[in-house]
Amino acid sequence: MKRREFITLLGGAAAAWPLAARAQQPMPVIGYLNGASAAQFTHLLAAFREGLGETGYAEGRNVAIEYRYADGQYDRLPALAAELVGQKVSVIVATAGTPTIRAAKAATATIPIVFVIAGDPVMFELVASLNRPGGNITGITLIGSETVAKRLGLLLELIPSAPAIGVLANPKNPIADPQVSELRTAAKSLGREINVLNASSETEIARAFAMLDQQHVQAVVVTADPFFDDRRDEIIALAARHKIPASYTRREFVLAGGLMGYGPDAPDAFRRAGVYTGRILKGEKPGDLPVMLPTKFQFVINLKTARALGLTVPDKLLAIADEVIE
């Protein structure tokens with residue numbers, strides 16, 4: 001072989017080496033840890049993938065996702081988080097309940113974590129501050145406890161004569177206490193009482209609605225909790241059976257037949273979580289990314305359910321509703 005031909009061949013091979021090396025690099029893997037079930041979060045997962053897409057990532061093309069669901073059984077979360085850490089995922093997305101995020105944080109101090117949480121992550125000591133989370137964790141808060149007082153006010157606009165309001169809460173989720181505390185304060189300022197009924201099993205949910213009936217409570221606020229999300233149809237059916245007007249956080253409850261709902265736009269929050277995840281995959285540090293607050297809220301009323309309960313929705317509520325289901 002002539003010297004010139006050898007140099008040309010060697011140069012061509014060297015040029016191909018970076019391409020070959022890049023082709024052999026493993027695809028990054030996202031660990032998706034969810035305290036609820038897959039069925040309840042299908043549309044939110046789609047929103048998360050949309051956010052990933054905004055940063056150039058598509059599942060199956062240049063990123064993989066490992067899914068772990070606890071189906072509302074929070075005691076399973078530590079083991080599921082440990083599985084993801086053991087698989088050396090590039091980032092963990094922790095959603096559906098404060099116990100989910102706590103399990104992820106306890107499992108690793110090095111793998112980046114992006115959360116979607118209903119409560120205040122500073123209060124639960126998940127981050128140092130909203131502006132500078134620090135460490136390996138950041139995300140989006142839906143400020144569930146801060147909006148629950150607004151839900152109570154809207155419910156009393158519909159049922160102004162109710163002297164007492166029931167509250168359905170899951171004591172196994174730390175987010176329950178701040179929501180109940182906010183409701184107590186709001187109820188006192190409005191001259192009302194609240195009756196808190198705890199439920200962390202299907203049997204206890206049914207018992208809680210029976211107690212509301214026995215106590216002649218005229219309305220109920222269902223607190224934000226993935227356990228209740230997974231039992232949406234059951235809760236809606238119980239409210240209808242006992243003829244108790246109920247207020248929910250998520251729009252999906254109202255679409256499924258619940259009376260009314262007010263809360264942050266959850267799909268938008270999950271989309272933004274997808275954007276943060278993509279940015280971290282590109283090299284940004286989670287501790288430098290501020291915890292984001294919701295920018296969109298939804299007030300939804302189901303008129304069919306209102307009529308079934310014998311309620312007339314005031315025009316002023318209809319005027320401020322973002323969506324009215326006929």
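The values are calculated or read from the model by the stated rules, or taken from the named source; none is laboratory data. Because the structure is a prediction, the values reported are computed rather than measured. Positions of Cβ are backbone-derived with ideal geometry, glycine not excepted, and every protein chain shown enters the neighbour counts. To get the accessible areas, we keep the full protein, side chains included, count just its heavy atoms, and leave off ligands, DNA and RNA. Shrake-Rupley method; radii C 1.70, N 1.55, O 1.52, S 1.80 Å.
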Handout entry: Residues located in region 209-241, provided they are open to solvent by 20 Å² or more (accessible area, probe 1.4 Å), over 20 Å from TYR69 (Cβ atoms) and in a loop (DSSP other than H, G, I, E, B)
Key = GLN215, HIS216, GLN218
Exercise for the section: Kindly indicate whether any position in region 113-127 is closer than 18 Å to LEU281 by Cα and either in a loop (DSSP other than H, G, I, E, B) or in contact with an Asp or Glu (Cβ under 6 Å, 6 or more places away or on another chain) (or both). Expected result: no
Exercise for the section: All but one of (1) within 22 Å of ILE140 (Cα to Cα); (2) hydroxyl-bearing (Ser, Thr, Tyr); (3) open to solvent by 10 Å² or more (accessible area, probe 1.4 Å) hold for THR305, so report the exception by its number. Expected result: (1)
Problem - Failed criterion for GLY119 (all others in (1) open to solvent by 30 Å² or more (accessible area, probe 1.4 Å); (2) in contact with a Ser or Thr (Cβ under 7 Å, 6 or more places away or on another chain) hold) - result: (1)
Completion exercise
Turns out the helices (runs of 4 or more DSSP H) fully within region 242-315 with at least 1 residues that are under 23 Å from LEU130 (Cα atoms) and at pLDDT below 95 are 266-281
Practice task
Within region 99-113, identify whether any single residue is surrounded by 24 or more Cβ atoms within 10 Å (Cβ to Cβ) and free of Cβ contacts under 8 Å to residues at least 60 places away in the same chain, and answer yes or no.
Solution key: yes
Exercise for the section: Restricting attention to region 143-171, report how many residues are part of a loop (DSSP other than H, G, I, E, B) and touching an Asp or Glu at 6+ places or on another chain (Cβ under 9 Å). Expected result: 4
Handout entry: Selection count where residues are closer than 30 Å to LEU259 by Cβ, open to solvent by less than 60 Å² (accessible area, probe 1.4 Å) and touching an Asp or Glu at 6+ places or on another chain (Cβ under 6 Å), scope region 275-302
Key = 3
Completion exercise
Per the list (1) crowded, with 16+ Cβ neighbours inside 10 Å; (2) of a type outside the set (A, V, I, L, M, F, W, C); (3) touching a Pro at 6+ places or on another chain (Cβ under 9 Å), residue check on ARG151 breaks on (3)
Practice task
Among residues belonging to region 157-178 that are modelled with pLDDT of 90 or more and surrounded by 19 or more Cβ atoms within 10 Å (Cβ to Cβ), point out the one that is farthest from VAL122 (Cα to Cα).
Solution key: LEU158
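Can you name the residue in region 308-326 that is open to solvent by 70 Å² or more (accessible area, probe 1.4 Å) and over 22 Å from the mean Cα position of the chain (by Cα) and, of all such residues, is nearest to SER90 (Cα to Cα)? Full working, then the answer.
Looking only at region 308-326, we keep the residues that are open to solvent by 70 Å² or more (accessible area, probe 1.4 Å), and these are 308, 312, 315-316, 319-320, 322, 326.
Narrowing further to those that are over 22 Å from the mean Cα position of the chain (by Cα): 308, 312, 315-316, 319-320, 326.
Details: ALA308: 50, THR312: 52, ASP315: 51, LYS316: 49, ALA319: 46, ILE320: 43, GLU326: 45 Å.
Only one residue tops the list, namely ILE320.
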Exercise for the section: Test ASP75 against the stated conditions and say whether it is outside any helix (DSSP H, G or I) and either modelled with pLDDT under 95 or within 23 Å of GLY134 (Cα to Cα) (or both). Expected result: no
Problem - Condition broken by ILE137, with the remaining ones in (1) in contact with a strand residue (DSSP E or B) (Cβ under 7 Å, 6 or more places away or on another chain); (2) open to solvent by less than 20 Å² (accessible area, probe 1.4 Å); (3) over 27 Å from GLY287 (Cα atoms) satisfied - result: (3)
